[in-house]
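*Asks:* Structure in structure tokens, see below.
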Amino acid sequence: MLKQHLQFKLSQKLSPQQIQLMKLIQLPTQAFEQRLKQELEENPALESGKEESSTYEDEFEEAYDGENDNDTINTEDINIDDYLSDDEIPEYRTRTSNYSADDEEKSVPYAAGISFNQYLINQLNTFYLSDEEWSIAEFLVGSVDESGYIRRPVSDILDDLAFTQNIYTDEKTIEKVLKIVQELDPPGVAARSLDECLLIQLRRKEPSPAIDLAILILEKSFDHFTKKHYKKLLQKHNISEEDLREAISEIEKLNPKPGGSYSGNNRIIEHIVPDFSIRIVEGELDLSLNSRNAPELHVSKEYSNMLAGYKSAKKRSKSQKDAVLFIKQKLDAAKWFIDAIRQRQQTLFITMNAIMEYQREYFLSGDERKLRPMILKDIADTIDMDVSTVSRVANSKYVDTPYGTKLIKEFFSESMKNVQGEDVSTREIKKILETVIRDESKRKPLTDDKLAKILKEKGYPIARRTVAKYREQLGIPVARLRKEI
């Protein structure tokens, strides 16, 4: 019995080509274009664009028989007709029905400019610094992280300067140079904590009663401020609610991550390219696959001619043997890649079409409350594919809809029963929860217990811990942190 089980497990092992196909299916449009470019560069037998019409006839009907001498090659496994016949090359002539008309070539946009650290170094040139101060300032800038903070104690920086830079100084000098570095833009950079970052920004602003109070609160009552203990702030500083509201308004305008606002910090700016497009045409849903996912590819005619030349040769040398094996390998890879692209297109289109039909009411109305409960298995069963295949399509692809560009996996959700015993989507419950919290009194936000009671009254009997889980998934803080003056 054990032996049979092991044999079954071995029979389920995927081939390298199947694994490569799964990887192709998983790629979103931009990554797919990069993968296509890489394949075209690495395989000279694969070419893009429309193939020129063939002028030679398919005159090769059989595989080579080979010779018996040592300088020849037995090529019974090579059917040259497979590489020369135009019929074997997949054509993509259904673009008007299956693919969008978006044929415009678009390049992947990157963030241009210098690095964040170099941007700070360049600003140091405007300050008069001694050689030692410059070296310390340069080291401090190098210690700034992507958020714009220096998260290391001055004592550690002192030791590192001595051990790595051969600079022997004291903490007072480092603090002095740090104050200079903190004058750089963006405001708040090189701070060692959130309160210091916010204070640096406030002190650069034009003084006013609200600014002065904001500075005082951060200096003397930062803990009360972060926990939104507004009553304690009112009592401690003997101020009115209006004064506190204006001070908090000034603080909320500040940037807690000054480094994150700089676009030139060597990070790619991701621009989402939808893989699909859904439009409503005369009351019906129309699905199209982005044309950038349907490249025109063909096997190189030059490489096919090489095989033809080998067949016509009367004498076949060892070097010709090596050449024909190389050509066969490249042609096999090219033919497989073309076929894999076709399978990828079919898989993407079939999967998205099933999702669109399953969520027809939503795509026609845009009302998220009409999203049906849907799990990967629902779609996998509909299209008779593996759940993992559907997951690869859903997790990494976007669809352009009349209601915005959406990540496909967002249409999937578990179900629960309402008081009428009907299956409802957890997405629907989250939407209602979001609406209830949006409309609550911010002076007295609803606790998770109260939210659970409200949802139960609306017909959704869910536990408080489930409410807390959904709230966290929506990125909504607890009631205490939602409180406003």
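The values are calculated or read from the model by the stated rules, or taken from the named source; none is laboratory data. Since the model is a prediction, treat every value here as computed from it, not as a measurement. Every residue, glycine among them, receives a Cβ derived from its backbone with ideal geometry; neighbour counts consider all protein chains shown. Surface areas here come from the heavy atoms of the whole protein model, side chains and all, with no ligands, DNA or RNA. Shrake-Rupley method; radii C 1.70, N 1.55, O 1.52, S 1.80 Å.
*Asks:* To the nearest 10 Å², what's Arg471's accessible area with a 1.4 Å probe?
*Replies:* About 10 Å², ignoring ligands and nucleic acids.
*Asks:* Would you mind working out the magnitude of the charge dipole of region 146-293 relative to its Cα centre, with +1 at each Lys and Arg C-beta and -1 at each Asp and Glu C-beta, to the nearest 20 Debye? Provide the component values of the computation, followed by the final result.
*Replies:* Values: 21 positive and 26 negative charges, 77 e Å.
About 360 debye.
*Asks:* Let's test the formula: R0 of 41 Å, r as the Cβ-Cβ distance of Gln343 and Lys456. What FRET efficiency results, to the nearest 0.05? Could you put the intermediate results ahead of the total?
*Replies:* On the way: r = 48 Å, r/R0 = 1.18.
Calculated value: 0.25.
*Asks:* Starting at the first residue of region 444-460, write each ³J(HN,Hα) from the Karplus equation 6.51 cos²θ - 1.76 cosθ + 1.60 with θ = phi - 60°, in whole Hz, x for Gly and Pro.
*Replies:* Couplings: 9, x, 7, 6, 4, 4, 5, 5, 4, 5, 5, 5, 5, 5, 7, x, 10 Hz.
*Asks:* In nm, to one decimal, how far is the Lys257 label point from the Lys377 one, both placed 7 Å along Cα→Cβ?
*Replies:* Modelled inter-label distance: 3.8 nm.
*Asks:* What length, rounded to one decimal in nm, is gained on full extension from Asp449 through to Glu484, with 0.36 nm per residue of separation minus their alpha-carbon distance?
*Replies:* 10.6 nm
*Asks:* For Lys37 and Lys469 in the same chain, what is the full-extension length gain: residue separation times 0.36 nm, less their Cα-Cα distance, in nm?
*Replies:* On the way: separation 432, 0.36 × 432 = 155.52 nm, distance 4.30 nm.
The span from Lys37 to Lys469 would gain 151.2 nm if fully extended.
*Asks:* Region 115-163: which chymotrypsin sites (Phe, Trp or Tyr not before Pro) are DSSP loop and have at most 16 other beta-carbon atoms within 10 angstrom? Write down the numbers at each step before the final one.
*Replies:* Values: sites: Phe116, Tyr119, Phe127, Tyr128, Trp134, Phe139, Tyr149, Phe163; in loops: Phe127, Tyr128.
Those that pass, being in a loop and sparsely packed, are Phe127, Tyr128.
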